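Where a number appears in this text, it was derived from the coordinates with a stated rule and is not lab data. Predicted model, so just to flag it, every value in this text is computed and none were measured. Neighbour counts run over all protein chains shown; Cβ positions are idealised from the backbone, glycine included.
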Amino acid sequence: MSEVALMPLPPTFGKGVVQLEHVPTQLLYVEDDEDLRDMIASTFIDAGFEVTAVSSAEDALHELGGAHFDVILTDYNLTGETGAWLLRNAAAKGFLERTAAIVMTADHQPAGVAGYRLLRKPTDFAVLLAAIDDAVGAIVPAGVMRLGAAHATELELVLYVTSTSQESQKAIRNMHRALKPYDKGRYCLTIVEVGNGGNEDWYQGLEEDRVIVTPTLVKKRPGPKTWIVGSLSPIDAVERMLESVLGSREES
């Protein structure tokens, strides 16, 4: 699971705002071909996901019983039970109430997966990422999350997102990747979901940070205030911003 530390909500974000639970995306990947499973899992890790990879529907059902995942990506034809069996049993146990599911298959008419997102193999990886972002965005709650120190002395960042947006999901993952090499005591990143709004002070915070679109990353401290708009992909600009304050990643 992620090493994200949940912190008390800043008072300026108003009452009734719930906290996000997972950064980055928690992915359960089910594929019975070992070489393919290892290769694709590594690709997802490079893309900023936290990945648990298993070889069977039975193992996947066991994992779902012990941890929360944002999304399941499963092959349809597996050694032993099928992906359809996995989703049917996971749904019966209540494991899919806040977990999206995507099925990949080369079958023309796979049975038992009606109502789930279906991707035909082979699938372009960018299309797969877009499908995951869309699926996860539909089930991620609004809220505020803080990574790093509560009161970092060196770097203060705010990332404004809309959880149903694919671009915002990418920005969250890219921000996590960029910060991963650095000591968490040196920075504070607050991720703000703007979809549900807030009170007058909350809107004043948006106005002070001059946020017009999401996703937007704001470097608040040290000055001068700096903005990066978009999915933060490629992450070169973010890495340069971090290095300008925290030094090179190799030195951290």
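May I ask you to derive the FRET efficiency for D236 and R120 from their Cβ-Cβ distance with R0 = 45 Å, giving the value to the nearest 0.05? Rounded to the nearest 0.05, the efficiency is 0.85.
Near K220, once Lys and Arg are set to +1 and Asp and Glu to -1 for all other residues with Cβ below 11 Å from its Cβ, the sum equals 0. Sorting 99-105, 50-56, 208-214 by their mean Cβ neighbour count within 10 Å, with the most densely packed peptide first, gives 99-105, 50-56, 208-214. A Förster distance of 22 Å, applied to the separation of the beta-carbon atoms of D35 and N89, puts the FRET efficiency at 0.20. For the residue pairs K170/K220; K121/K180; K180/K220, the alpha carbons lie more than 23 Å apart in K121/K180. Taking amide H as placed 1.01 Å from N in the peptide plane, the amide H of R221 sits under 5 Å from that of E156, each at least 5 places away or on another chain.
One chain, two ends: S248 and H108. Fully extended at 0.36 nm per residue, the span grows by 45.4 nm beyond their Cα-Cα distance.
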